[in-house]
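Peer 1: Pasting a structure here, questions to come.
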Amino acid sequence: MQYETLTLEVSAQIATVTLNRPDVRNAFNETMIAEITSAFTSLNTRGDVRAVVLAANGKAFCAGADLNWMKKMAGYSDDENRADAMLLANMLAAIYRCNKPVIARVNGDAYAGGMGLISACDIVVAVESARFCLSEARLGLIPATIAPYVIRALGEQASRRYFTTAEQFDCTTALRLGLVCEAVSADQLDPTVQQIAGTLCANGPQAVRACKQLVQDIAGRELDEALIEDTAARIARTRAGAEGREGVASFLEKRTPSWRD
């Protein structure tokens, strides 16, 4: 499929989705929202993909919403605004629910909705010069659709601060808060992303998918009997599955598992 606002490439089991509106700092409009949703939905069905990288061209990762798109929204009715907001919410959900692990390759600043994009990813690698900002309150708006992902990534207390103050913060702070997993120099961005992606591809693909789902299903749940039984059932199913049996057998027999062939 040909895209107007992004590119999608697959190489060595790694898919790279690259935001490609550098002239507007990769700000998203209705076209980009639809195309990101489509790209990530399509990747769910690709057996030749084991990891996804979300990248961006230009100096910024994503500046949030496109100004011309926001001007258009100013004239929307309540129903039109709700429908438009749901498209944005569905885009973020498509990234978060992608059945492959998603690495955000953050080459520059991420503001507003750009923070939502990276927060929906599983692993975030950013250049040390990147800056972050939840700027919505400056415009009299709220970061509502991105909130479920940003609060998970930043934590409740930090979200209270940065949602309400709309302060900019640097990569060192993002790393301390847990939004960013790795902060690297610009020349180490691609090698670091590729190293992590390669590690993901070396693991059992079904296990990696199940691990991602495990975290999403269990985070925040009460540690009760139902949760204990759930986790026991999950590992029992995994042990009995073909990939689990192959993984254990290859380890005991000191050979390479079949998924690395």
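Quick note: the coordinates plus some simple rules give every number you see, no bench work behind them. All figures in this text were calculated on a predicted structure; none of them were measured in a lab. All Cβ positions, even for glycine, are placed from backbone atoms using ideal geometry, and neighbour counts span all protein chains on display.
Peer 1: Round to the nearest 10 and give me the degree value, 0 to 90, for the angle of helix 205-218's Cα axis relative to the longest principal axis of the chain.
Peer 2: Long axis of 205-218 versus the principal axis of the chain: about 60 degrees.
Peer 1: Note the angle between two axes, namely the Cα long axis of helix 78-96 and the longest principal axis of the Cα atoms of the chain, as a number of degrees from 0 to 90, rounded to the nearest 10.
Peer 2: Its long axis makes an angle of about 30 degrees.
Peer 1: How much length would be gained if the chain were fully extended between residue 71 and residue 236, taking 0.36 nm per residue of separation minus their Cα-Cα distance, in nm to one decimal? Can you show the working numbers first?
Peer 2: Details: separation 165, 0.36 × 165 = 59.40 nm, distance 5.36 nm.
Computed gain between residue 71 and residue 236 is 54.0 nm.
Peer 1: Which net charge results for the neighbourhood of residue 28, defined as the other residues with beta-carbon distances under 11 angstrom from its beta-carbon, given Lys and Arg at +1 and Asp and Glu at -1? Don't skip to the end; give the middle numbers.
Peer 2: Numbers: positive: 21, 25; negative: 30, 35, 66.
Neighbour charge sum, excluding residue 28 itself: -1.
Peer 1: Further question on the same structure: Assuming a ≥ b ≥ c are the square roots of the Cα gyration tensor eigenvalues, decide whether the stretch 6-200 counts as rounded (a/c under 1.5), prolate (otherwise, with a/b larger than b/c) or oblate. Before the final figure, lay out the partial values.
Peer 2: On the way: a/c = 1.68, a/b = 1.21, b/c = 1.39.
Cα axes put the stretch 6-200 in the oblate bin.
Peer 1: Now a separate question. If you place +1 on the Cβ of every Lys and Arg and -1 on the Cβ of every Asp and Glu, how big does the dipole about the Cα centre of the stretch 12-65 come out, in debye to the nearest 20?
Peer 2: Working: 5 positive and 4 negative charges, 35 e Å.
My answer is approximately 160 debye.
Peer 1: Same structure, new question: Once the dipole of the stretch 6-200 is set up with Lys and Arg at +1 and Asp and Glu at -1 on Cβ about the Cα centre, which of 110, 158, 185 lies farthest towards its positive end?
Peer 2: Selected residue: 158.
Peer 1: Ranked by Cβ crowding within 10 angstrom, fewest neighbours first, how are 254, 59, 212 ordered?
Peer 2: Numbers: 254 6, 59 12, 212 19.
Lowest count first: 254, 59, 212.
Peer 1: Which of 148, 247, 215 sits closest to the plus end of the dipole of the chain, meaning its Cα is farthest towards the positive end, when Lys and Arg get +1 and Asp and Glu get -1 on the C-beta?
Peer 2: Highest projection toward the positive end goes to 247.
Peer 1: In a Gaussian network model over the chain where Cα atoms closer than 10 Å are linked, find which of 204, 58, 244 has the largest mean-square fluctuation.
Peer 2: Per the Cα network of the chain with a 10 Å cutoff, 244 tops the list.
Peer 1: Counting only C-alpha contacts under 8 Å and six or more residues apart, can you give the relative contact order of the chain as a whole percent? All intermediate terms of the calculation are to be shown ahead of the outcome.
Peer 2: Values: 422 pairs, mean separation 40.6, N = 261.
For the chain, the relative contact order is 16 percent.
Peer 1: Quick check for the chain: number of Lys pairs with alpha-carbon distance under 28 Å, counting only pairs 8 or more apart or on different chains?
Peer 2: Counting lysine pairs in the chain gives 6.
Peer 1: Arrange the following residues from fewest to most other Cβ atoms within 10 Å of their Cβ: 228, 146, 218. Could you put the intermediate results ahead of the total?
Peer 2: Values: 228 10, 146 26, 218 13.
With the fewest neighbours first, 228, 146, 218 line up as 228, 218, 146.
Peer 1: Report the Cα-based extents of the stretch 141-235 along its three principal axes, largest first, to the nearest Å.
Peer 2: 45, 35, 22
Peer 1: Same structure again: With angles folded into 0 to 90 degrees, how steeply does helix 30-43 sit against the dominant principal axis of the chain? Use alpha carbons for both and round to 10.
Peer 2: 0
Peer 1: Placing unit charges on C-beta atoms (Lys and Arg positive, Asp and Glu negative, everything else neutral), compute the dipole magnitude of the chain about its Cα centre in debye, rounded to 20.
Peer 2: Values: 27 positive and 31 negative charges, 87 e Å.
The calculated dipole for the chain is roughly 420 debye.
Peer 1: Provide the net charge surrounding residue 92, with neighbours chosen by a C-beta distance below 15 Å and charges set as Lys +1, Arg +1, Asp -1, Glu -1. Each step should come with its number before you reach the end.
Peer 2: Numbers: positive: 97, 152; negative: 30, 35, 84, 122, 136.
In short, -3.
Peer 1: Taking the beta-carbon count within 10 Å as an exposure proxy, list 111, 96 from fewest neighbours to most. Provide the component values of the computation, followed by the final result.
Peer 2: Numbers: 111 22, 96 19.
By the 10 Å Cβ count, ascending, the order reads 96, 111.
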